[in-house]
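Novice: If you scroll down you'll find the structure; I have some questions about it.
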4 protein chains.
Amino acid sequence: MTSHEFYMNLALENARAMKGQTDPNPLVGSVIVNDNRVVGIGTHLKAGEPHAEIHALRMAGDKAKGGTIYVTLEPCSHHGRTGPCAVAIVEAGIRKAVVATLDPNPVVAGNGVRILEEAGIEVTVGVMEEESRKMNEVFNKFIVTQKPFITMKAGSTLDGKIATHTADSKWITSAEARKDVHRLRNEHMAILVGVNTVIEDDPELTTRIPNGRNPIRVILDSSLRIPLESQVVTDGQAETWIFTAKQYNHDARKELEERGITVFPTSGTERVDLEDVLRMLGEQLVSSVLVEGGGSIHAAFLENGLVDKVEVYMAPKLIGGAQAPTFLEGTGVGLMRDAVELDDLEITKIGKDYRFTGYPNYNTK
Amino acid sequence: MTSHEFYMNLALENARAMKGQTDPNPLVGSVIVNDNRVVGIGTHLKAGEPHAEIHALRMAGDKAKGGTIYVTLEPCSHHGRTGPCAVAIVEAGIRKAVVATLDPNPVVAGNGVRILEEAGIEVTVGVMEEESRKMNEVFNKFIVTQKPFITMKAGSTLDGKIATHTADSKWITSAEARKDVHRLRNEHMAILVGVNTVIEDDPELTTRIPNGRNPIRVILDSSLRIPLESQVVTDGQAETWIFTAKQYNHDARKELEERGITVFPTSGTERVDLEDVLRMLGEQLVSSVLVEGGGSIHAAFLENGLVDKVEVYMAPKLIGGAQAPTFLEGTGVGLMRDAVELDDLEITKIGKDYRFTGYPNYNTK
Amino acid sequence: MTSHEFYMNLALENARAMKGQTDPNPLVGSVIVNDNRVVGIGTHLKAGEPHAEIHALRMAGDKAKGGTIYVTLEPCSHHGRTGPCAVAIVEAGIRKAVVATLDPNPVVAGNGVRILEEAGIEVTVGVMEEESRKMNEVFNKFIVTQKPFITMKAGSTLDGKIATHTADSKWITSAEARKDVHRLRNEHMAILVGVNTVIEDDPELTTRIPNGRNPIRVILDSSLRIPLESQVVTDGQAETWIFTAKQYNHDARKELEERGITVFPTSGTERVDLEDVLRMLGEQLVSSVLVEGGGSIHAAFLENGLVDKVEVYMAPKLIGGAQAPTFLEGTGVGLMRDAVELDDLEITKIGKDYRFTGYPNYNTK
Amino acid sequence: MTSHEFYMNLALENARAMKGQTDPNPLVGSVIVNDNRVVGIGTHLKAGEPHAEIHALRMAGDKAKGGTIYVTLEPCSHHGRTGPCAVAIVEAGIRKAVVATLDPNPVVAGNGVRILEEAGIEVTVGVMEEESRKMNEVFNKFIVTQKPFITMKAGSTLDGKIATHTADSKWITSAEARKDVHRLRNEHMAILVGVNTVIEDDPELTTRIPNGRNPIRVILDSSLRIPLESQVVTDGQAETWIFTAKQYNHDARKELEERGITVFPTSGTERVDLEDVLRMLGEQLVSSVLVEGGGSIHAAFLENGLVDKVEVYMAPKLIGGAQAPTFLEGTGVGLMRDAVELDDLEITKIGKDYRFTGYPNYNTK
Ligand SMILES: [Zn+2]
Ligand SMILES: [Zn+2]
Ligand SMILES: [Zn+2]
Ligand SMILES: [Zn+2]
């Protein structure tokens, strides 16, 4: 490990540890070094609060002068209550800057570096770039598209089923795997299911880990069929947002809104329009959504190329049943050569089960 | 490793290397040691030929006298062209015998050891017993039940599908995985599919590896719908046996038999009776069957508790489709707590795919 | 990993990354959490500057109120330019404190915790305690004994030699191993050799890595025989301190002092008194010493139970020679049962060589 | 693994398992395959008995005809009670031969293959050649040079010592390491020490493992100083051979010979001539010698380039002592660049100790 990597790694460690608390902002870490000593460390803690560089500069104080700053993301050139970080770096007298990756937003990418270079600071870009990009995969999509990063999550048997033919699904996976799902929920801003899941299972859709953060519960319900006695309507544990079609039942909406539920009509005529859902969630600054099914919802997202990441918890069990639902229904592809492959696949054993994590490669279509 | 284990391991290595060439007999290896030197090694090569002990005794010659024989399976007390091995061991003047496991056939288990002990030979049973039992899992079932060991094999996507909704299935898995399937075929005495698979895919069902042995092709076809121009009917590459229901089409049978195909009526009225199939295959000394689907055939076997081992080749792909078939159709279990778990699960990466190997645990029902 | 461990680990990561820049102070890291969010991180950067807790409290600002502070070492109750950290924690309104380990100094251990508890703060001690203790093994000895932590370092052949019988020693180990030695030097405050090493090899005893810190060069020279033209006397690259015996050559001392070299007489009559050396180094706030030989110096330290840690770089080479020196000369133990065993031994491959790291266990004597 | 490798590996497994029982002959295994079935396996069991190929051909019987033979070593063209194996292979009607490696004896290498080829057999050489050569490293040297393969064995502390300055050496290494030494002894035909080791330690020099074979005990004793009451002289547990210088004490020789000890005078005037020792041991068909020290004996062998392999058991202990002996004494090399490096080094943890295994590379001189 070179010394550049050593310091950048320290910045990355501090950034990563903030996972889940900076939304919708990216994870960013920073380290300032002077005369071969660390003189400041910083990390972005929360949207609306100072950026990582500002914390590091504050800790360094006078010792920033003449030093080298390491940042996991290009310093900003425009936003932030504390003014552009690039300007703060210049004013602190920093001499060198080492940046893991440029701003993912193509509109502003390079602006921060330009400010630094015009001030005579020597800038190196690309140290541990891949680690930094992977860390902010959610933010990187959001900032460019203003739409949330979509993770499709399923718990299935080895034969692809998510319930028996009698709709029994308790439990497909082990307690350890279900706990891991709660960790996933904790890291997402919203969790999304179809209304059928609410009708059949009446789930809480909360994060049952100590001190877990509950994501917003998003329900797709084209005709507002959701039962008013559902837990997501009544329990008040987290916000519940319902997306519906163009022609919805106005009485039902009123009933729901009286219970504190927000209803978002979309432009879909019979079904909820998914592009609208993503656009509207983005407008609400929801940068990450965990789509938890069922199989028709999953298929709708995947067939429209909207899934960014897949997390399948597979139990080594067989249940069979031509009528038992799988985690991916819909029409499906017609030819095997159009199958969606998963890139960067990782398999992790969790309890008795196996978690498959991968990224859909739509280019294979 | 003790010296007992060292010699038994050598016997096991020699036995295992004969995989596929001793059917319907078990794999057996033997080593004779005298005065701390190996003086003979033997392995059973082929049904009808001498047992492992006889080969080892022949190599040892006079040096067997006073020695210790290691055998991976209890010496026989009755059969074999060369007479009972237990008697041959006694006559050779062996002083000690170390046996991995008793004969799995409860009727004769212990008889071989008794002959040895009555002749004053000191016998130790149980050295590396588990390794020996696992090695002969096929034979151990066959000898006790006179029915073949059934391995269910499927190639599926991550979402459990074996074809798209348009019935396209070329190819689910990678070339490496398909080659591994040919290795599996090479190790089985018969391969079994439903007639729908023949009608839809017209497969050859042969072993396409250099010097591979072609298993008998077993087709389940309740009403003898198999097309006469199917490859399994016309190509003559391997025997084809068709199992049908009680009331079959006699003309069709005649046509098939004229083409060298054997037809076995079973007692099933509308569907082929699976218990009959297994019993009749056993009568033909078929000790192992690879059931290659489709999903209804798999379900029929699994729901009747007839599957002994599962081999699923899973491609990290998604195709979706509520109508796309999975590798396990039928009715399926009604409650999750009745799911069939897989014991001793092993996951092996093969090319881009993953092979899941396990043993159905029907006790979970 | 529990959430306590998660946050303490983050504090440890930040502390560890400061290795080499806090001497003679310990490595300490701190994290403040409020409402399940990290609100502050801090690490001790340099002796004389704020402690880790202060940095973390500053970053947290108002958000420290009601929060939980994680510290890798018990907060101080007395010293520091910024006042006792325990008091600062209380004043910030912290509600809970999680401490990895108490202050190693038995005189003050527990005082910091007491201040916190008397203020009504709930304190947990012992989370990741072993990791914290290992990280500060140097400081923990120094603060208790006021004597430096002694690491004995040797580069030897497989047959224990550090030079041929003609005194050739270039090179025993590979370039990679020698580079690792420079990393070790960078982490120590002083490096110590006998005057014979200076006379024979005329070494620079500096840290030849980019931006490396040069330790103080300590020479044991009972009769001030060191050549005035030695590099350690003339090159001015780092401080050179010479420890000598009671009756030294006053002219030689004058010559040395004119060249900027510091001479420390000890109470030893013929040989330098090692206990004096350690005590005097401690008085100069030298908390860590890398003893680099030769074999007589190593033996003198080990036979007096003064070595705390051993680092042997072993080249897989043989040179032989009854007269070739080994890295451990002196008298040696008389009985094998008095041999000094090495605890917690770790072997690391470095280039072609192997580094043995362990802790002498004098209890085996 | 190709099928060539599969069958050759089976032949290698059978050969390797005979380690220690074929001296002075090499380990050889053979497998015969016909129509994709193994029809014969063989291994060389003992010098003077049939070669591996003969055993395999006997097991195969008629089925050898038209088959393929796998042999780990080129079939012999000349020796053996059963006639040249190459001729036997031809006469059995073998069609193809796969050979791991040619005969290491340059005088006859290729002759066996030539006989096969002239008879029209298709021959492939080189399948798993390296595995075969490594397996017979002892024989390969012996057959070419008529001198034994020399393994230097030492048990030392981390600082290279084999005893304290008071000559105490019980115990340097752990019980597990000492047991491993007995395994080494079991695999060697002779064990060699200097007379000083006999005088100081009065060792038994036997193999204390169940059913271990005792090697011949070879003592180097230039002036026949060996005490007549030594265990190696009196216990009769194994043969003892003493090599002495030209001018030896004739009375002493007579006393020794009366006790059943064989005395071999060498041409050395003051010291035993090592080249003579190796030549004479070779004449007695001793193909492997374990040299167990002390340090002067080791140095004499190494400095003359006579050591083929090194096995050092290193205890993670320090004893020190300028006068404590190391495992490699003598004069030693003068310059570090003449150090003897160890190739193919392997480090194995045994109990608390570490075994270093390697091959001296004299080319580095
Ligand atoms: Zn900024
Ligand atoms: Zn038998
Ligand atoms: Zn403090
Ligand atoms: Zn031969």
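The values are calculated or read from the model by the stated rules, or taken from the named source; none is laboratory data. Just so we're clear, the structure is a prediction, and the values are computed from it rather than from any experiment. A quick note on method: Cβ atoms are made from the backbone with ideal geometry, for glycine too, and the neighbour counts reach across all protein chains shown. Keep in mind that these areas ignore ligands, DNA and RNA; they rest on the heavy atoms of the full protein, side chains included. Shrake-Rupley method; radii C 1.70, N 1.55, O 1.52, S 1.80 Å.
Novice: Kindly list the number of the only condition in (1) within 30 Å of C:Asp344 (Cβ to Cβ); (2) open to solvent by less than 30 Å² (accessible area, probe 1.4 Å) that fails for C:Gly268.
Specialist: (1)
Novice: Further, regarding this structure: Taking region B:139-151, which residues are in contact with a helix residue (DSSP H, G or I) (Cβ under 9 Å, 6 or more places away or on another chain) and either over 25 Å from B:Val99 (Cα atoms) or open to solvent by 40 Å² or more (accessible area, probe 1.4 Å) (or both)?
Specialist: Across region B:139-151, the qualifying residues are B:Thr145, B:Gln146, B:Lys147, B:Pro148, B:Ile150, B:Thr151.
Novice: Among the residues of region B:157-180, what is the count of those that are of a type in the set (Ser, Thr, Tyr) and either more than 8 Å from chain A (Cβ to nearest Cβ) or under 14 Å from B:Asp353 (Cβ atoms) (or both)?
Specialist: Total meeting the criteria: 3.
Novice: Further question: Considering only region D:217-233, state which residues are open to solvent by less than 30 Å² (accessible area, probe 1.4 Å) and under 19 Å from D:Asp273 (Cβ atoms).
Specialist: Hits for region D:217-233 are D:Val218, D:Ile219, D:Leu220, D:Asp221, D:Leu224, D:Ile226.
Novice: Another question, if that's okay. Given region A:282-365, what strands (runs of 3 or more DSSP E) lie entirely inside it while holding 2 or more residues that are at the interface with chain B (Cβ under 9 Å from one of its Cβ atoms) and out of contact with any Asp or Glu (no Cβ under 6 Å at 6 or more places or on another chain)?
Specialist: A:309-315, A:340-350, A:353-361
Novice: Look at A:Tyr354 and say whether it is surrounded by fewer than 24 Cβ atoms within 10 Å (Cβ to Cβ) and more than 21 Å from the chain's Cα centre (by Cα).
Specialist: yes
Novice: So, one more: Just to check your reading of the model, which residue among D:Glu311, D:Glu255 is more than 30 Å from D:Ala177 (Cβ to Cβ) and of a type outside the set (Val, Ile, Thr)?
Specialist: Only one candidate passes the filter, namely D:Glu255.
Novice: If you take the residues of region D:29-63 that are more than 17 Å from B:Ile41 (Cβ to Cβ), more than 24 Å from the chain's Cα centre (by Cα) and not acidic (Asp, Glu), which of them is modelled with the lowest pLDDT?
Specialist: Here the answer is D:Asn36.
Novice: Given the structure, is C:Ala154 under 26 Å from C:Leu306 (Cβ atoms), within 14 Å of chain D (Cβ to nearest Cβ), in contact with a His (Cβ under 8 Å, 6 or more places away or on another chain) and open to solvent by less than 10 Å² (accessible area, probe 1.4 Å)?
Specialist: yes
Novice: Which numbered condition trips up B:Phe6, out of (1) open to solvent by 30 Å² or more (accessible area, probe 1.4 Å); (2) more than 8 Å from chain D (Cβ to nearest Cβ)?
Specialist: That leaves (2) as the condition not met.
Novice: Condition (residue is closer than 16 Å to B:Val125 by Cβ, within 14 Å of another protein chain (Cβ to nearest Cβ) and away from ligand 4 (no atom under 16 Å from the Cβ)) applied to region B:71-94: is it met by at least one residue?
Specialist: Checked against the condition, which is being closer than 16 Å to B:Val125 by Cβ, within 14 Å of another protein chain (Cβ to nearest Cβ) and away from ligand 4 (no atom under 16 Å from the Cβ), region B:71-94 yields no hits at all.
Novice: Return the residue satisfying two criteria in turn: it lies in region B:9-27 and is assigned to a helix (DSSP H, G or I) and more than 8 Å from every other protein chain (Cβ to nearest Cβ), and of such residues it is surrounded by the fewest Cβ atoms within 10 Å (Cβ to Cβ).
Specialist: The qualifying residue surrounded by the fewest Cβ atoms within 10 Å (Cβ to Cβ) is B:Arg16.
Novice: Next up: How many residues are away from every other protein chain (no Cβ under 14 Å) and within 23 Å of A:Glu131 (Cβ to Cβ) if we restrict to region A:55-70?
Specialist: 1
Novice: For region C:229-274, which residues satisfy the criterion of being more than 17 Å from C:Ile199 (Cβ to Cβ) and free of Cβ contacts under 8 Å to residues at least 12 places away in the same chain?
Specialist: Correct list: C:His250, C:Asp251, C:Lys254, C:Glu257, C:Glu258.
Novice: Sticking with this structure for a sec: Mind checking which residues of region A:275-289 are surrounded by fewer than 20 Cβ atoms within 10 Å (Cβ to Cβ) and touching a residue at least 60 places away in the same chain (Cβ under 8 Å)?
Specialist: Listed by number, the residues that qualify are A:Arg279, A:Gly282, A:Glu283, A:Leu285.
Novice: Being open to solvent by less than 10 Å² (accessible area, probe 1.4 Å) and outside any strand (DSSP E or B) is the filter; apply it to region A:28-50 and report the residue that is nearest to the other protein chains (Cβ to nearest Cβ).
Specialist: A:Leu45
Novice: For region C:301-356, name all the residues that are under 29 Å from D:Ile297 (Cβ atoms) and of a type in the set (Ser, Thr, Tyr).
Specialist: Once the filter is applied, which keeps residues that are under 29 Å from D:Ile297 (Cβ atoms) and of a type in the set (Ser, Thr, Tyr), region C:301-356 yields C:Tyr313, C:Thr326, C:Thr331, C:Tyr354.
Novice: For region A:153-169, check the following and say yes or no: at least one residue is away from ligand 4 (no atom under 16 Å from the Cβ), in contact with a helix residue (DSSP H, G or I) (Cβ under 9 Å, 6 or more places away or on another chain), among the aliphatic types (A, V, I, L, M) and over 30 Å from B:Ala299 (Cα atoms).
Specialist: no
Novice: If I go through region C:106-135 residue by residue, how many of them are open to solvent by 30 Å² or more (accessible area, probe 1.4 Å), of a type outside the set (Val, Ile, Thr) and within 16 Å of ligand 3 (Cβ to nearest atom)?
Specialist: Qualifying residue count for the region: 4.
Novice: Quick test for you: out of C:Ala119, C:Ala97, pick the one residue that is within 28 Å of C:Thr68 (Cβ to Cβ) and touching a Leu at 6+ places or on another chain (Cβ under 9 Å).
Specialist: Sole residue among the options that is within 28 Å of C:Thr68 (Cβ to Cβ) and touching a Leu at 6+ places or on another chain (Cβ under 9 Å): C:Ala97.
Novice: Of the residues D:Lys161, D:Lys170, only one is open to solvent by less than 60 Å² (accessible area, probe 1.4 Å) and closer than 30 Å to C:Leu318 by Cα; which?
Specialist: Matching residue, one of D:Lys161, D:Lys170: D:Lys161.
Novice: If only one of A:Glu292, A:Glu329, A:Glu311 is without any contact (Cβ under 8 Å) to a residue 60 or more places away in the chain and acidic (Asp, Glu), which one is it?
Specialist: When all the criteria are applied, what remains is A:Glu329.
Novice: If you take the residues of region B:121-151 that are modelled with pLDDT of 95 or more and at positive phi, which of them is nearest to the other protein chains (Cβ to nearest Cβ)?
Specialist: For region B:121-151, the residue satisfying everything is B:Met128.
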